[in-house]
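Contents: one structure, followed by commentary.
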Amino acid sequence: MILGLSSRDTLSKPIIVMDAGIATEENLWWLKNHQYDYLVVLRGKKNVLPEEMVTIKEDGDCIVKAALVRHDDEVELVCHSTGKEEREKGIRNLFQERFEEELQKVKRALSKKNGIKRYEKVVEKVGRLKEKFKRIAHRYEIIVKKDEKNKVTAITWHQKETGNTDGIYCIRTNRGDFKEQQIWNIFNMLRDIEDAFRCMKSALGLRPIYHQKEHRVDGHLFITVLAYHILHTIRFKLRQKDVHDSWKTIRDGLSTLVRVTTELKRKDGKDGRVVHIRKSSRLEPYHKKIYDALNLSHQVGKQVKTII
């Protein structure tokens, strides 16, 4: 994909924005050698925040602060989000509970008649748990004690003192003229696009991909890109009217606006025929807000009456 960029006009090269998954040193080296500007998520975690940080977003309980750290040929934007911190703490606590529950099972087996007690088997079991919960296993120190008969007598564990990285992420770019807000806005645009694609793939039934031939996969992805252009046009018009909701929020809000079919038996019972009346539900305040922003009529579909 990156090699395909070499055919672009050198006078109008875009800024390449990538997440950490493909922001490898090899890819960045290629971008530098071909004189592309880039803005990517730093691979790995930082556990130290700069002393002086500026607030770049404040939305209810979520506050995002950031600070620029300049290097020879790059600029790093170190960010801390309170919302992201709470989410990561919740996920980490959940995995810690599950990890300790599994360790307790291994420990309880030592006192059972047919439980695993051989030192090698117990160490192997603990190693598998570390692999399964590798996101948090490095935070623990596990001690397995054995006797002269090579039987495990006790298993103990405790959490190590590690730096707190919750809510911290870093963005790196070779554009030294960008300010904190500019860098974060561009990065947030990438995240917004990812959320939109994730939402569309689920709504359009385009995920998972079952195709095995490349041209069918290309067609599959093309439909998603085409849908995104429509989505972006709608959201662009909404932002002009000061509606900045995510696509998922918009879809969820509009999901209560439906077409309803009511079946009524004729009073005279003539020929056993039934009257079908199809009409739209009434608009709620959120529906009117979106329709007004897009300059659409509040009359959604006509009432249709059919006798069958």
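Starting from segment 126-143, take each residue that is surrounded by fewer than 17 Cβ atoms within 10 Å (Cβ to Cβ) and list its partners that are in a loop (DSSP other than H, G, I, E, B) and hydroxyl-bearing (S, T, Y), counting only C-beta distances under 9 angstrom and pairs at least six apart or across chains.
The qualifying pairs are H138/T162; R139/T162.
If you check H211 against the conditions, is it more than 21 Å from K57 (Cα to Cα), modelled with pLDDT of 75 or more and over 21 Å from the mean Cα position of the chain (by Cα)?
So H211 fails the test.
Across segment 22-67, what is the total count of residues that are touching a Phe, Trp or Tyr at 6+ places or on another chain (Cβ under 6 Å) and not in a strand (DSSP E or B)?
1
List pairs: first in segment 98-121 and at pLDDT 90 or above, second surrounded by fewer than 12 Cβ atoms within 10 Å (Cβ to Cβ) and not aliphatic (A, V, I, L, M), Cβ under 8 Å, 6+ apart or cross-chain?
These pairs meet every condition: R118/N150; Y119/N150; E120/N150.
Quick one: would you say K89 is touching a residue at least 12 places away in the same chain (Cβ under 8 Å), more than 11 Å from I155 (Cβ to Cβ) and surrounded by 16 or more Cβ atoms within 10 Å (Cβ to Cβ)?
no
Of all residues in segment 240-262, count the ones that are exposed (fewer than 12 other Cβ atoms within 10 Å of the Cβ) and either farther than 20 Å from Q299 by Cα or not β-branched (V, I, T) (or both).
Count: 5.
Within segment 66-97, can you find the residues that are of a type in the set (K, R) and in contact with a helix residue (DSSP H, G or I) (Cβ under 9 Å, 6 or more places away or on another chain)?
Residue satisfying the conditions is R92 alone.
Assess whether V69 counts as being at pLDDT 85 or above, closer than 23 Å to N174 by Cβ, touching a Gly at 6+ places or on another chain (Cβ under 6 Å) and among the β-branched types (V, I, T).
no
Touching a strand residue (DSSP E or B) at 6+ places or on another chain (Cβ under 9 Å) and part of a strand (DSSP E or B): does that describe W184?
The answer is no for W184.
What number goes with the only condition from (1) surrounded by 13 or more Cβ atoms within 10 Å (Cβ to Cβ); (2) within 24 Å of the chain's Cα centre (by Cα); (3) over 30 Å from Q182 (Cα atoms); (4) of a type outside the set (A, V, I, L, M) that K146 does not pass?
Of everything listed in (1) surrounded by 13 or more Cβ atoms within 10 Å (Cβ to Cβ); (2) within 24 Å of the chain's Cα centre (by Cα); (3) over 30 Å from Q182 (Cα atoms); (4) of a type outside the set (A, V, I, L, M), K146 misses just condition (2).
The values are calculated or read from the model by the stated rules, or taken from the named source; none is laboratory data. It should be emphasised that the depicted structure is a prediction, and the values quoted were computed from it without experimental measurement. Cβ atoms come from the backbone with ideal geometry, glycine included; neighbour counts cover every protein chain shown.
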